[in-house]
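Below: the structure, in structure tokens.
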Amino acid sequence: MKTTATYKENTTAAATTNACKVCSPLGASVAFKGIKGCVPLIHGSQGCSTYIRRYLISHYKEPVDIASSNFSQDTTIFGGHRNFNKGIDNIIRQYKPEVIAIASTCLSETIGEDIKGLISAYKAQHKDEPLPHFVAVSTPSYQGTHMDGFHEAVASIVAAFAERRFKRSHINLFPGFVSPEDIRHLKEILEAFGIEAIILPDYSESLDNPNWEEYHRIPPGGTSVNDIKKTGSAQASIEFGHILNLGNINNSVNDSKVNPTGAAFLQNNFGIPNMRIGMPIGIKATDLFFEKLEGIAQIKTPEKYTKERGRLIDAYIDGHKYVFGKKAVVYGEEDFVIAMMMFLDEIGIEPVLCATGGESGKAQDRIRQLTGNSKLTILQGMDFETIASLSRELKPDIMIGNSKGYYIARELNIPLVRVGFPIHDRMGGQRILHLGYKGTTQLFDSICNALIEYKQNNSPVGYKYM
Amino acid sequence: MGDFSKKVAISAIYPVMEKENKNIYLLGREKQIATAGDANFDMECSKASEAGSVSQRACVFCGSRVVLYPIADALHVVHGPIGCASYTWDIRGALSSGPQLHRLSFSTDLREEQVIFGGEKKLYAALTTLIDKHKPAAAFVYSTCIVGVIGDDIEAVCKKVSAEKGITVLPVHAEGFNGTKKDGYRVACEALSKLIGTSEQRNKVPFSINILGDFNLAGELWMLAEYYRKIGINIIAQVTGDGRVEDIRRANTACLNVVQCSGSMTWLAKDMKEKYGIPYIRVSYFGIEDMSNALYEVARFFDDESKMDAAKLLVATELKKLLPALKEYKEKLTGQKAAIYVGGAFKAISLVKALRLIGVQTVVIGSQTGNKDDYNLIKDICDEGTIIVDDSNPIELQHFIREKNATIFIGGVKERPIAHKLGIGFCDHNHERKEALAGYEGMLNFAKEIYATAMSPVWQFVRKSPSQEEPRIKNQEQRLK
């Protein structure tokens, strides 16, 4: 049988057709939405913020206000300082934010805007007025993907605020780009362990709010600046993800972009130990997470979670025959794909194609290290057209990934299990739980049921028992 | 609402609101907010959005992309970093009866290397590869922000590829910062203008029209085309819904341009009038009145009795089916108040009339790209006191909705969560909608959708301020009738 190892990666292709990635300011915007009282500002053309808002609203189904400095032709020629200053004035006037977080764009980076300089100048001009905090991140969309933007933003936030002077009674948790439901679940687990943790970013509320009695200009929720300050005084950090923003930025002329992650920054500058583990999906990865928590809390895993683990094993056993030997196509962000592959490895699904739009250059080695399986292959720099053409040959039984792969699943007439980001064609993308024993159980059930439903729908007689 | 009729500083217009709710408005936007019934009504519009605003508008690229996107047999290549192409992948419900090439998202996916050393080579390679693979009838190349800055000569690349591959390759100068979404409409029209008149055909086709500015969302254009065919009208080109390159090439053989979505297509209609002497009329297909007028006006233009008789018969037949159905909705919906915020103002005007048909009063109305004439028309058709707004943002919109106690919001994807968070109904009038809202059938769908959102029992769980209680209770009563 053909495996993906026989295919060449797509990184040198002349054109990208149906990209399996979006641009870095989007990732930064999501991270910024996880700061309490924060209004993101995208320093560039109006379309950048509007398109990103629309993309995020279609997934989260929440108001996502992101301001734009609205570059014009004059701005592009003479520089963005006037738009920047007026933009900040207007955001303060309309939103009274605690934080204004600024992401650059391909345009502002190309014309050489110095955002940090603009912030300093603004602060100097308004030194007698109460001002919000400012954070800036460099996110030219010609470098990396939305994941680089996300992690760069987290690192910038930490670098801007972290301080040593607090009591060391807590840990930091950097969950990466997970769902609001995932963050809520993590909080519950930490609470059960009695661990005080600062989660950054925390958009569990701000991107998935309850219905409101009164309209909020800035949605409630998010990590407060005070808590972000405390990240510099933590006992330890836990960071989910192996690739994060640590990859080589492909086709970059300037290779100096090796900014560490938020947790790495704290390790390097504050001496806070960093436990970097994969996203806790599947039993082994989740066990590792709980091991870390046991070590930190100095208690055994609470019974609630040992039972969740037991139920997950029970589910694996009940459903094992429905999934064993099935061929899956998995796609999405690099860390997400790695986590999914490890999970599928546990249940006997063969990932015939693992594809990512990222181009870190590290994913392949990492997955082989993690699983000890030298056959596992991740193709990087993939777009959906390439995924489609490979899938036509590989004839998978199921696809696992975000909603953008739907058209391929439809063409091949195979089920798609929607997970990750974005979910644009279904309700509840923001409420999908992926992490922990509980998230894995739901994922396993979804995969089993998708396969069972497919068989049932294609049975000539239909049936009532599995 | 006496205070609303005076045109003074915004804080004076809304003294109470400002006291309760400071700084709703951005400085410099005072003249983009007005009220119907105001004697000094003079809407300021067609200007760039304020820096720092959370405008609902997009950019020049967006404007050009929405206009050209539905041409289904053309290759649409976005020259720039990945974002612009990713965010517009299969974004609209613009259906095609044949090729689906427009639904793929092609990008040169520029990296730092090209930003520094230029992207022309990559564009050339992308175009030649994609043309060989997909064999399109023509190609459009959209330049994005940084292409304008790094100075790629996309005209030259397009010419070269065109000569080598023997197909038309047209540059679309869509640098996002180079104006507003409206300027994007214009650059799209310029590209179309280069395509029109390039077929062998020169002779006018009798009783023929081009449909300009309908994008065949949810198959709306198919319904309209059927109406026109029934009254004996030939359609040459659909610009651009379910559009084909060959049809657009010979659009110069039509006798009349029928322009909907005037904001995007008036430039092209004027251009064709100048070049080919083709007159144009502005129409709208939303609501019974405007839909029927469109058919009558086309029939009148051809000054042919049989066409007018056919139009009258068609309208009568459709209304016979439609009116009794609408009457029921009107009974249930009377008393509802609507807020409208959409891209084009001409559509907004039709919506006011369509809503009136089903008993719904418009209390807030706005658009991203309306012009002075549009807003004057809006002022004339709206009830006194209706808030009229140009280029609004979420904070303003939620404020107007609460101020006027709107019970239903009609808008697009970005407006939907505002309505839902305010706990009021919402009707999707966006480009990705799956229900046709144009034509007679569309009017019924529209009524159904407004009814479904207004009468849903879910609102009983939404806690509201006392001023909003009344319409809610009325909804419940209506539903139970």
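Selection of the range B:425-434 for residues being crowded, with 21+ Cβ neighbours inside 10 Å and either touching a Leu at 6+ places or on another chain (Cβ under 6 Å) or at pLDDT below 95 (or both) yields only B:HIS429. A count restricted to the range A:81-100 and to residues that are more than 9 Å from chain B (Cβ to nearest Cβ) and touching a Phe, Trp or Tyr at 6+ places or on another chain (Cβ under 8 Å) stands at 2. Between A:LEU412, A:LEU443, the distinction of being of a type in the set (A, V, I, L, M, F, W, C) and buried (at least 22 other Cβ atoms within 10 Å of the Cβ) belongs to A:LEU443 only.
Return yes when A:ARG53 is in contact with a helix residue (DSSP H, G or I) (Cβ under 9 Å, 6 or more places away or on another chain) and either assigned to a helix (DSSP H, G or I) or more than 7 Å from chain B (Cβ to nearest Cβ) (or both) and no when it is not.
Values: in contact with a helix residue (DSSP H, G or I) (Cβ under 9 Å, 6 or more places away or on another chain): yes; either assigned to a helix (DSSP H, G or I) or more than 7 Å from chain B (Cβ to nearest Cβ) (or both): yes.
Yes: the conditions hold for A:ARG53.
Among the residues examined, B:ALA406 does not qualify as among the small types (Gly, Ala, Ser) and in a helix (DSSP H, G or I).
Take A:GLY405 and tell me if it is within 14 Å of another protein chain (Cβ to nearest Cβ) and either in contact (Cβ under 8 Å) with a residue 24 or more places away in the chain or part of a helix (DSSP H, G or I) (or both). Even if it seems obvious, please write down each step before you answer.
Numbers: within 14 Å of another protein chain (Cβ to nearest Cβ): yes; either in contact (Cβ under 8 Å) with a residue 24 or more places away in the chain or part of a helix (DSSP H, G or I) (or both): yes.
So A:GLY405 passes the test.
Out of everything in the range B:110-136 that is crowded, with 24+ Cβ neighbours inside 10 Å and within 30 Å of B:GLU246 (Cβ to Cβ), what residue ends up being farthest from the other protein chains (Cβ to nearest Cβ)? Within the range B:110-136, the match that is farthest from the other protein chains (Cβ to nearest Cβ) is B:PRO136. Restricting the range A:181-218 to residues that are in contact (Cβ under 8 Å) with a residue 40 or more places away in the chain and within 14 Å of chain B (Cβ to nearest Cβ), which is farthest from the chain's Cα centre (by Cα)? Among them, the one singled out is A:ARG217.
Applying a threshold of 6 Å to beta carbon distances and a minimum spacing of six or more residues, or different chains, the list of pairs starting in the range A:37-50 at a residue that is acidic (Asp, Glu) and ending at one that is surrounded by fewer than 24 Cβ atoms within 10 Å (Cβ to Cβ) and part of a helix (DSSP H, G or I) is empty. Candidates in the range A:352-388 are the residues that are in a helix (DSSP H, G or I) and among the charged types (D, E, K, R); of these, the one that is nearest to A:MET399 (Cα to Cα) is A:GLU385.
Within the set B:LEU397, B:LEU377, the sole residue that is within 14 Å of another protein chain (Cβ to nearest Cβ) and either part of a loop (DSSP other than H, G, I, E, B) or over 22 Å from B:LEU333 (Cα atoms) (or both) turns out to be B:LEU397.
Look through A:GLU359, A:GLU346 and report the one residue that is farther than 25 Å from A:SER58 by Cα, among the charged types (D, E, K, R) and buried (at least 24 other Cβ atoms within 10 Å of the Cβ). So that I can check it myself, show each step before the final result.
On the way: A:GLU346 fails: buried (at least 24 other Cβ atoms within 10 Å of the Cβ).
Result: A:GLU359 is the single residue among A:GLU359, A:GLU346 that is farther than 25 Å from A:SER58 by Cα, among the charged types (D, E, K, R) and buried (at least 24 other Cβ atoms within 10 Å of the Cβ).
For the range A:19-50, the tally of residues that are assigned to a helix (DSSP H, G or I) and not basic (Lys, Arg) stands at 14.
Please find, within the range B:47-71, the residue that is farthest from the chain's Cα centre (by Cα) out of those that are assigned to a helix (DSSP H, G or I) and within 7 Å of chain A (Cβ to nearest Cβ). Taking the candidates together, the pick is B:PHE61.
Is it fair to say A:SER72 is within 7 Å of chain B (Cβ to nearest Cβ), surrounded by fewer than 23 Cβ atoms within 10 Å (Cβ to Cβ) and either touching a helix residue (DSSP H, G or I) at 6+ places or on another chain (Cβ under 9 Å) or not hydroxyl-bearing (Ser, Thr, Tyr) (or both)? So A:SER72 fits the description; yes. May I ask you to verify whether B:ILE196 is within 23 Å of B:TYR280 (Cβ to Cβ), more than 14 Å from chain A (Cβ to nearest Cβ) and modelled with pLDDT of 95 or more? Criteria met by B:ILE196. Residue count for the range A:12-50 satisfying the condition of being within 20 Å of A:GLU333 (Cβ to Cβ), of a type in the set (Val, Ile, Thr) and facing another protein chain (nearest Cβ under 8 Å): 3.
The values are calculated or read from the model by the stated rules, or taken from the named source; none is laboratory data. Fair warning: this is a prediction, and the values are worked out from it, not measured in the lab. When we count neighbours, we look across all protein chains shown, and the Cβ atoms used for this are built from the backbone with ideal geometry, even at glycine.
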